[in-house]
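Some notes on the structure that comes next.
The values are calculated or read from the model by the stated rules, or taken from the named source; none is laboratory data. This one's a predicted model, so the numbers in the text were calculated from it and none came from an experiment. Glycine also receives a Cβ, built like all others from the backbone with ideal geometry; neighbour counts cover every protein chain displayed.
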């Protein structure tokens, strides 16, 4: 008798109102605090527009997509216990996890900036990520360096 097929645990996210992008909607959801979605939408859209104006780019979605592409990690390390010792084993990051880390790092580094409004923080972080700089890009580089440094332990991943 065949086993029961389970439903996917990941709920699909609807695209945002203006740019029809799922990635923008995920960023809005990550920026949102206490269920205030309209406020989060306004912060993200204004930040994207401000960054596009400063970079002299016509379409804010281009700035957003390029910035997110520059933040995406390709390798990360995971801890694994082998013979009484813990090793940091490098793994390739794909799909959903890649997007999740990208949005998490972006919002985290935007919130870490102090002394300005959230719109300005998002705009500055987008500009810097677009130019391969900023806190989120630094986090990606640190993660990549850690994975590169622990490449010698990659053979433990094949268990």
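Go through (1) under 12 Å from the mean Cα position of the chain (by Cα); (2) within 20 Å of residue 33 (Cβ to Cβ) for residue 137 and report which single condition fails.
Going through the list (1) under 12 Å from the mean Cα position of the chain (by Cα); (2) within 20 Å of residue 33 (Cβ to Cβ), residue 137 breaks only (2).
Looking at the range 27-41, which of its residues are without any contact (Cβ under 8 Å) to a residue 40 or more places away in the chain, touching a helix residue (DSSP H, G or I) at 6+ places or on another chain (Cβ under 8 Å) and in a helix (DSSP H, G or I)? Walk me through it before giving the result.
Start the filter on the range 27-41 by keeping residues that are without any contact (Cβ under 8 Å) to a residue 40 or more places away in the chain, which leaves 28-29, 32-41.
Within this subset, residues satisfying the condition of being touching a helix residue (DSSP H, G or I) at 6+ places or on another chain (Cβ under 8 Å) are 28-29, 32-33, 37, 40-41.
28, 29, 37, 40, 41, listed by residue number.
Under the condition of being part of a loop (DSSP other than H, G, I, E, B) and more than 24 Å from residue 26 (Cβ to Cβ), which residue from the range 59-84 is modelled with the highest pLDDT?
84
Here is a check on your reading of the model: is residue 96 outside any helix (DSSP H, G or I), at pLDDT below 95 and out of contact with any helix residue (DSSP H, G or I) (no Cβ under 6 Å at 6 or more places or on another chain)? Spell out how you get there, then give the answer.
On the way: outside any helix (DSSP H, G or I): no; at pLDDT below 95: yes; out of contact with any helix residue (DSSP H, G or I) (no Cβ under 6 Å at 6 or more places or on another chain): yes.
No, not satisfied.
Just to check your reading of the model, which residue among 22, 57, 93 is touching a strand residue (DSSP E or B) at 6+ places or on another chain (Cβ under 8 Å), under 27 Å from residue 132 (Cβ atoms) and free of Cβ contacts under 8 Å to residues at least 60 places away in the same chain?
Answer to the check: 93.
Consider residue 146 carefully, then state whether it is surrounded by fewer than 19 Cβ atoms within 10 Å (Cβ to Cβ), in contact with a strand residue (DSSP E or B) (Cβ under 6 Å, 6 or more places away or on another chain) and either in a loop (DSSP other than H, G, I, E, B) or touching a residue at least 24 places away in the same chain (Cβ under 8 Å) (or both).
yes
Hey, can you tell me all the residues within the range 53-77 that are surrounded by 14 or more Cβ atoms within 10 Å (Cβ to Cβ) and more than 19 Å from the chain's Cα centre (by Cα)?
Passing the criteria: 54, 55, 57.
Quick one: which of 81, 151 is exposed (fewer than 15 other Cβ atoms within 10 Å of the Cβ), more than 28 Å from residue 33 (Cα to Cα) and either touching a residue at least 24 places away in the same chain (Cβ under 8 Å) or in contact with a strand residue (DSSP E or B) (Cβ under 7 Å, 6 or more places away or on another chain) (or both)?
Checking each option against the conditions leaves just 151.
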